[in-house]
1. Are there any pairs, at least 6 apart or on different chains, whose C-beta atoms fall under 7 Å, with the first in region 208-222 and basic (Lys, Arg) and the second not in a loop (DSSP other than H, G, I, E, B), and if so, which?
2. Could you check Gln50 against (1) open to solvent by 50 Å² or more (accessible area, probe 1.4 Å); (2) closer than 29 Å to Arg263 by Cβ; (3) not hydroxyl-bearing (Ser, Thr, Tyr) and say which number it fails?
3. In region 1-23, which residue that is open to solvent by 20 Å² or more (accessible area, probe 1.4 Å) and not in a loop (DSSP other than H, G, I, E, B) is nearest to Glu268 (Cα to Cα)?
4. Please enumerate the residues belonging to region 444-500 that are outside any helix (DSSP H, G or I), surrounded by 13 or more Cβ atoms within 10 Å (Cβ to Cβ) and among the polar types (S, T, N, Q).
5. Any residue in region 506-520 that is open to solvent by 10 Å² or more (accessible area, probe 1.4 Å) sitting within a Cβ distance under 7 Å of a residue that is of a type outside the set (Phe, Trp, Tyr) and not in a helix (DSSP H, G or I)? List the pairs, counting only those 6 or more apart or interchain.
6. From the residues in region 524-537 that are touching a strand residue (DSSP E or B) at 6+ places or on another chain (Cβ under 6 Å) and closer than 23 Å to Lys374 by Cα, which one is surrounded by the fewest Cβ atoms within 10 Å (Cβ to Cβ)?
7. Name the single residue that is modelled with the lowest pLDDT among those in region 285-298 being open to solvent by less than 20 Å² (accessible area, probe 1.4 Å) and under 23 Å from Ala366 (Cβ atoms).
8. Yes or no: region 80-88 includes at least one residue that is open to solvent by less than 10 Å² (accessible area, probe 1.4 Å), in a helix (DSSP H, G or I) and at negative phi.
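The values are calculated or read from the model by the stated rules, or taken from the named source; none is laboratory data. Quick caveat, the model's predicted, so the values are computed rather than measured. Cβ sites come from the backbone with ideal geometry, for glycine too, and all protein chains shown count toward neighbours. We work out accessible area using only protein heavy atoms, side chains counted, and drop any ligands, DNA or RNA first. Shrake-Rupley method; radii C 1.70, N 1.55, O 1.52, S 1.80 Å.
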Amino acid sequence: MNSNIECDFLVIGSGIAGLMAAVHLSKDKTNKVVLVSKGELSENNSYYAQGGIAAVDEKRIASGLDNYESHCQDTLISGDGLCIEEVVRDCIKGFYSSSINSLLDLGVNFSREANGDFLLHQEGGHERERIYCVDDHTGRYIIETLVDRVQKTDNIQCVDNHMAINLITQNYLLGSTNFEDKCLGAYVLNIKNDKVFTIKAKKTILATGGAGRVFKFTSNPSAATGDGIAMAFRAGARISNMEFIQFHPTVLYQPKVEFGERRFLITEALRGENLGGILTLAKNSEEDFVLSFDKRGSHATRDIVSRAIDTKIKELGLEHVWLNLTTKVTGKDKEFFQKHFPNIYKKCEENGYNLEKDPVPVVPAAHYVCGGVKVDESGLSDIKNLYVVGESACTGLMGANRLASNSLPEGCYFAQKAAKHALQTKNEDLSNLSIPDWQSVETSKKLDLATINQFWDVTREVMTNLCGIERNRQRLYLSAEITASLAKSAHDIYKLFPASLQTLELRNLTLVARLIAACALSRNESRGCHYRGDFPKKDEKFEMCTVIKKDIFPRI
């Protein structure tokens, strides 16, 4: 596809937030919705979400089994002072309807007990069992169901294997910043033939996911290069809380997997109180070493568990720690694991570990960006007609650290809210708007992929070693200096060579790395998943969100 497109709504990204937004927008059959995906429609972070969806059902409230306040408090405690409380309360009350009920209506069959009740898990940081799942492949099942729906919806045009390059805004077209800016669509690259075309849209929803590939070890797929955050930042939107990068404590340690490749995630549900898996320093140990860091031990929130693992790995020179799920520790047998966690059981078995008999080697890995593009209660950014939902957005729910399994329902809820707001507000009349075609760089130079790969390697090494789980002033100064240089050089490469997947991802990845480092350097305290060894305690002076805008980095 190379010809220009006009539509009512442009959705960029095909994770749960993007797909749900497209579904809601398409309910008015007079609207044309275009859904752009960098890879195949199912290639996204949501697809790999094992744990599930945290939500409180009114029936369980009536039975005294759960309550909104408990979920709110768990979320606020995890967010460590930086959640927006009214957003948290609004989300918690809306999660069941917007996610569980909506997905049931779309054909998602959540796992149930023999008596027909939903099978609910409890994960780290949750006081109650409230995680709805489809065995251990919740994300895959949801995404496959939603992809099937959008592909069968006549007024949704799916454009896969295409990458958005830049947002088209009024100020961009006018070459000015003197007006209230508004989004008019995006320039998009056909990855298969490197041709660029224009999508003109009355309203645009960014749902491009996170940026886990900034680090060496990540649970994210290859597409997670921070594209939406970088595009919105370049367009002038405010970015918030980028220092808060959540590391998942337990991905399978595989020494032969290349740095930067997606690591196999082992869900936190296995360490929930109703299962009782523990983390140990030795293979044959039954001592939960996380108890020396937190009274909840291996059931503590992700930031605490990840930091405990990272500390011990560095202190003792370990390559990994052990996750002990053996029958002796958990009381669960092979049949249980194969029934409820079939994919995890199979993957571990393929690597020589039987869950009921063998502890499994694990390490922390970059998992989730708690910050992102700052949006209001409808998912609307600073730029008129530009909405941001899912992991690319900073809604106020996550604060300084995401509570487990709050991300999928947040994606569903804000997709619904953004779609509702977009449908109810007046659309721009773009009939007379002329958007210039993309001006491709004319050059016979060939892109040096070896150099590109070196940029990637240096970026990931710097971010992992200097701006990873434990940080300090010296490391952060160095990471800020290096990422600034990397981002500038990557932007120069973008200007010198024709647009390609490699140059665009490098440009976005290095810019997001720079944003993370800059935000981390500005927070002289430890809070949530931002830990400073030189400032190990919280400081009330920093009980505020970090906000950063393009005018701080005017050359990018």
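1. If the second residue must be not in a loop (DSSP other than H, G, I, E, B), the pairs left are Arg213/Leu509; Lys216/Arg460; Lys216/Glu461; Lys216/Thr464.
2. The number of the failed condition is (1).
3. Asp8
4. Selection gives Asn472, Ser500.
5. Ala518/Ile548
6. Asn524
7. Step by step, filter region 285-298, then rank; the result is Ser298.
8. Yes, region 80-88 has at least one match.
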